[in-house]
Amino acid sequence: MALLEVSNLGIAFGGLQAVDKFDLTIEKGQLFGLIGPNGAGKTTIFNMLTGVYKPNEGDIILDGQNITGMQPQKISKAGIARTFQNIRLFNDMSVLDNVRVGLHNQVHYSTVAGVLRLPSFYEKENIMRGKAMALLKIFGLDGVAKQKASNLPYGMQRKLEIARALATNPKLLLLDEPAAGMNPNETAELAETVRFVRDKFGIAILLIEHDMSFVMELCEKIVVVDYGRIIAFGTAQEVRNNPKVIAAYLGGE
Amino acid sequence: MNLKNLGRTARRNLVTYSMVIAAYIIIQVLAAMDLLSNSLSGQLIPICAYVIMAVSLNLTVGVLGELSLGHAGFMSVGAFSSAFFSVAVGDALPTPVTLVLAFAIGMIAAGVFGVLIGIPVLRLQGDYLAIVTLAFGEIIKNLLNAFYIGVDSTGFHVSMKDATALKMDETGRIIIKGAQGITGVNRMSTFTIGFVLVVLTLIIVLNLIKSRTGRAIMSIRDNRIAAESVGINVTKYKLIAFTVSAALAGLAGSLYAHSLATVVAKKFDYNTSILILVFVVVGGMGNIRGSVIAAAVLTVLPELLRSFADYRMLVYAIVLILMMLFKQSPQIKNFCRGIGERLRLGSLFHRRKAENSSSGKEG
Ligand SMILES: Nc1ncnc2c1ncn2[C@@H]1O[C@H](COP(=O)(O)OP(=O)(O)O)[C@@H](O)[C@H]1O
Ligand SMILES: [Mg+2]
């Protein structure tokens, strides 16, 4: 059984059909690319997959569970994590705390145990700290763990967002333009990290990216959307030579 | 554990506790040496109550990031329910037992109102809480102003009209008498009790902030959409923060009520709510120690408040507008933060600067 099965997904904003008849099947551990010109509906698809928007039609099945229209918080528990195109960190909190919030549903103790500083507080906080630091280390952020998230440079903020998403122990990770605003060196490093994360955590990753070479090199399968509809699907090679894709990108830019 | 191993927050909290304890000791020493003026010793319990009010409001405003304009309403609920209980009980129980029960009742009653308001309102996004709490404060005040409750051999009598409408027999005595409030309250509150409650409040709030629950609450403040995306139950954690905040205001109300012979509703009006909000804003959003200091200083210096009594409404309006802007605009937030950094102690400022520049190099 596939990890994610999306069928006939659609949503309209007023008169605008932002996404229409969108189908997608992602296998466990797959690296999947979602590309298309600006305004094609890519972020909207992410927003439907994570419950930020409720689709007007269609189904989203994650690992056998129908999560269509569920609240974001429940979908996170079901196993989808994401980053945002315009970074959304907990700016006034430390880097470490950002990841600890991500661990919220992985390590539990009650509010009362926290206020009364019961033994479970210390025990679970230790576990949480260890897990969070291990994640930060993967992204080279362990040295800045105590800093406020908003004080990090842009590239580090993007990484922190990924670390926080991974903290939720997802089955599927959605990355919305993770390389945006990065220089070629940082982009290459990011590609390495993405591959490493997939291998280490054994999760599937669906990513939106404008940088075509980044997607082509990294992703095993690519789906191309334009005006809310799928216009091409296949391996990097297949997609690259598809006339519709070439037209959409040339027309779009 | 030695001091160096403590985290930054733990060290900061330690300073806060030490400060409060030191203030308590100094005041006790001054009192023992008979160096406290009458007006100041009369202010000691109100100061403790206002400190608890400011700290608890900061939990809603600074930590959760929701605006509340009716915090005095919760204080009022705590004051009336606890005073009602202690007056109704009279001498039937030993004083310490009455006191503990009365304060617990005040806290729970205010907490229940917090839940009742929070459940419908905290689901919504936007400044609805500000509007509803504002209305709540006024409604509670007017309701309590109109309430008559008495007790006689047949039980409790309630009326919204006047005392005679209670229709009690000759054993009857009135407990709540409309706008005249509750009279004959046992003045059980002492400065030491107030101090203990301040410390208790600090423990609850500071421990809450630095826990899994507190981080969930702050994550909602910082970015609700991101908080949801990592599986935070936004409504639940908003409700926890708001309810704890309301319950602590009820505790402050209980403390305050039992320092007065007469408890009247008009003491807990809109102006009081705004005054507490001013403490929080002056002390710094989310800065618990700041709230303690601001509440204590601004209560203890009545001259200061009296001198700007003429401008009070103007100041309120400006604070309110700033509050709204605070919530909307990151630029204003940064601007105010910049001013804050500059006003802070020089050494602190330099350390912060050094940290920033080293982080720049790492990036
Ligand atoms: N909440 C919304 N309300 C109205 N229109 C929206 C909303 N979200 C997205 N859209 C529209 O849907 C279309 C697709 O947007 P988006 O998914 O952000 O594109 P992209 O592929 O660049 O990520 C755009 O025309 C955008 O204006
Ligand atoms: Mg987008």
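The values are calculated or read from the model by the stated rules, or taken from the named source; none is laboratory data. Remember, it's a predicted structure, so these values are computed and weren't measured experimentally. Using ideal geometry, Cβ is built from the backbone for each residue, glycine included, and neighbour counts are taken over all protein chains shown. All accessible areas refer to the heavy atoms of the entire protein, side chains included, with ligands and DNA or RNA removed. Shrake-Rupley method; radii C 1.70, N 1.55, O 1.52, S 1.80 Å.
Miscellaneous remarks
- The residues of the protein assembly as shown expose on average 44 square angstrom of accessible surface per residue, using a 1.4 Å probe on protein heavy atoms.
- Nearest-ten-degree value, helix A:154-167 long axis tilted from longest Cα axis of chain A: 80
- Approximate spin-label separation A:Q17-B:S39, in nm, with each point projected 7 Å along Cα-to-Cβ: 7.6
- 10 Å beta-carbon shell around A:V6, net charge (K/R +1, D/E -1): -3
- Degrees between helix A:184-201 axis and first principal axis of chain A (Cα, 0 to 90, nearest 10): 70
- Per residue of A:140-148, other chain Cβ atoms within 10 Å of the residue Cβ number 2 on average.
- Spatial separation of Cα centroids for segment A:61-130 and segment B:167-231, in angstrom: 28
- Gyration tensor (alpha-carbon) shape descriptor, segment A:36-108, a/c threshold 1.5: oblate
- Angle between chain A longest axis and helix A:119-138 axis [Cα atoms, degrees, rounded to 10]: 40
- Summing both sides, the accessible surface hidden between B and A at a 1.4 Å probe radius is close to 3000 Å².
- Residue-level accessible surface for B:T16, protein heavy atoms, 1.4 Å, Å²: 10
- Assuming charge only on the beta carbon of Lys and Arg (+1) and of Asp and Glu (-1), the dipole of segment B:3-308 about its Cα centre is about 1000 debye to the nearest 20.
- Exceedance of the 25 Å cut-off in Cα-Cα distance is limited, within the set A:K54/A:K171; A:K28/A:K200; A:K124/A:K171; A:K124/B:K238; A:K171/B:K238, to A:K171/B:K238.
- Computing FRET efficiency as 1/(1 + (r/R0)^6) for A:N241 and A:Q65, where r is the C-beta to C-beta distance and R0 is 35 Å, gives about 0.40.
- Shielding by partners, peptide A:30-43 (average Cβ within 10 angstrom, other chains): 0
- Measuring r between the beta carbons of B:I139 and B:T262 and using R0 = 25 Å, the FRET efficiency lands at 0.70.
- Label-zone membership for segment B:91-132, site B:V158, 7 angstrom Cα→C-beta point, backbone N under 20 Å: B:102, B:105-117
- For chain A, share of DSSP beta bridges that run antiparallel, in % to the nearest 5: 55
- Distant-in-sequence amide contacts of B:L67, defined by a placed amide H-H separation under 5 Å and a gap of 5 or more residues or a different chain, comprise B:A130.
- Residues in segment A:167-191 that a label on A:Q85 would reach, taking backbone N under 16 Å of a point 7 Å out along Cα→Cβ: A:174-182
- Antiparallel DSSP beta bridges within the protein assembly as shown, percent to nearest 5: 65
- For B:202-208, mean number of other protein chain Cβ atoms within 10 Å: 2
- Distance from the Cα centroid of segment B:61-131 to that of segment B:256-282 is 13 Å (rounded to whole angstrom).
- Residues within the reach of a label modelled at B:L93 (point 7 angstrom out along Cα to beta-carbon, backbone nitrogen below 17 Å), restricted to segment B:141-174: there are none.
- Placing A:T111, B:T192 in order of accessible area, with the largest value first and a 1.4 Å probe, yields B:T192, A:T111.
- Helix-only arithmetic for chain A: the sum of -39500 (n - 2.57) across DSSP H runs with n ≥ 4, divided by the residue total, places the mean residue ellipticity at 222 nm at -12000 deg cm²/dmol.
- Computed with every protein chain present, the accessible area of B:I139 is close to 100 Å² [probe 1.4 Å].
- Rough spin-label spacing in nm, given labels placed 7 Å along Cα→Cβ, for A:D142 and B:L101: 5.7
- Gyration tensor verdict on segment B:109-244 (Cα atoms; rounded if a/c is under 1.5, prolate if a/b is larger than b/c, oblate otherwise): prolate
- Basic side chains Lys and Arg get +1 at the Cβ, acidic Asp and Glu get -1 at the Cβ, and with that the dipole of the protein assembly as shown about its Cα centre reaches some 1220 debye.
- The modelled label-to-label distance for the pair A:N183/A:N56, using points 7 Å beyond Cα in the direction of Cβ, is 4.5 nm.
- Global form of the protein assembly as shown, assessed from the alpha-carbon gyration tensor, a/c cut-off 1.5: prolate
- When the C-alpha to C-alpha distance is required to be over 18 Å, the pairs from A:K159/B:K210; A:K74/A:K148; A:K146/B:K210; B:K177/B:K267; A:K77/A:K137 that qualify are A:K159/B:K210; A:K74/A:K148; A:K77/A:K137.
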